[in-house]
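Reading through the structure tokens given below for one structure.
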Amino acid sequence: MTADEVVLAIREGRNLAEQNLSGLDLSKTDLRNAELAGANLSECNLRGADLRGANLSNANLFKADLRGARLRRANLTRANRMLAKIRKWALKGTYIAGPTAYTEE
């Protein structure tokens, strides 16, 4: 899937659970309330993306760049956040369980 196809799918309300979206540039993209449970978002550029209310449970966020992303009410339960770039304060108001390793930048 390309970044444009992801944006269109989200606008149409399609479920992107378990999809391989690794390496895509989704910076500053509106992904509010997106269903991304179990999706592979490794090495994605999600800088400044709006992920409010998104379901990222069990998603692979390995080395994803989430700096400046809006995450309020996002579900990050059991998401792999190893080496993800994220600011600790941005996790306020998110649903988190499981390992919490990330790189704060």
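Nothing in this text is a laboratory measurement; each read-out follows from the coordinates by a stated rule. None of the values given here were measured: they were computed from a predicted structure. No Cβ is skipped: glycine too gets one built from the backbone with ideal geometry, and neighbour counts run over all protein chains shown.
Just need the relative contact order of the stretch 14-81 here, percent rounded to a whole number, with Cα pairs under 8 Å and 6+ apart. Answer for the stretch 14-81 is 30 percent. Ranked by how many other Cβ atoms sit within 10 Å of their own Cβ, fewest first, the residues Asp65, Asp25, Asp50, Asp4 fall in the order Asp4, Asp25, Asp50, Asp65.
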